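Enquirer: A single structure is presented below for examination.
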Amino acid sequence: MIAAVRGEVMVRRHDHVVIDAAGVGYRLAVSAETLKAVPAAGSDAFLHAELISRDDSLALYGFSSEEERDLFRLLITVSGIGPKVAI
C-alpha cells in the first residue's frame with residue numbers, strides 16, 4: 001500500500017496533482033482543501049495517500065493531513081459513497 005508521497009510537484013490541476021518521487025510520477029486525486037496546501041510546480045511536497053483498488057483500476061488519493069485521510073476512509077465505508085464523492 002502507498003501511505004505517503006514526497007517529491008517534486010510536476011503538475012497541479014483543480015482535481016489532481018502529479019508528484020515526481022524518485023523518478024516516478026504519481027497522480028493523486030485531491031480535494032480543493034488539499035490543493036491549497038500543495039505548492040507550485042517545481043517545489044517539493046508531501047501528501048498522505050490512500051490507494052483504492054477496484055476490478056478495473058487503481059486510484060491514488062492525496063491528503064494534506066492525516067485527519068483528512070481518516071475522514072476519507074470513514075466516508076468510503078458508507079453505502080453509496082465512493083472515493084470520488086468522498087474526496
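Enquirer: Output the qualifying pairs, or none if there are none: Cβ atoms under 7 angstrom, residues six or more apart or on different chains, first residue in the stretch 19-36 and modelled with pLDDT of 95 or more, second residue aromatic (Phe, Trp, Tyr) and not in a helix (DSSP H, G or I).
Expert: What qualifies is Ile19/Tyr26; Leu28/Tyr61; Ala29/Tyr61; Thr34/Phe63.
Enquirer: If the requirement is being open to solvent by less than 80 Å² (accessible area, probe 1.4 Å) and without any contact (Cβ under 8 Å) to a residue 12 or more places away in the chain, which of these qualifies: Ile76, Ile81?
Expert: Of Ile76, Ile81, the one residue that is open to solvent by less than 80 Å² (accessible area, probe 1.4 Å) and without any contact (Cβ under 8 Å) to a residue 12 or more places away in the chain is Ile81.
Enquirer: Could you please let me know if Leu47 is of a type in the set (A, V, I, L, M), outside any loop (DSSP other than H, G, I, E, B) and open to solvent by 50 Å² or more (accessible area, probe 1.4 Å)?
Expert: Answer is no for this residue.
Enquirer: I'm trying to understand the selection: among the residues of the stretch 50-65, which are surrounded by 15 or more Cβ atoms within 10 Å (Cβ to Cβ) and either in contact with a strand residue (DSSP E or B) (Cβ under 6 Å, 6 or more places away or on another chain) or without any contact (Cβ under 8 Å) to a residue 24 or more places away in the chain (or both)?
Expert: Glu50, Ile52, Ala59, Leu60, Tyr61, Gly62, Phe63
The values are calculated or read from the model by the stated rules, or taken from the named source; none is laboratory data. Being a predicted model, the structure only gives us computed values, none of them experimental. Positions of Cβ are backbone-derived with ideal geometry, glycine not excepted, and every protein chain shown enters the neighbour counts. Heads up: the accessible areas ignore ligands, DNA and RNA and are worked out on the full protein's heavy atoms, side chains in. Shrake-Rupley method; radii C 1.70, N 1.55, O 1.52, S 1.80 Å.
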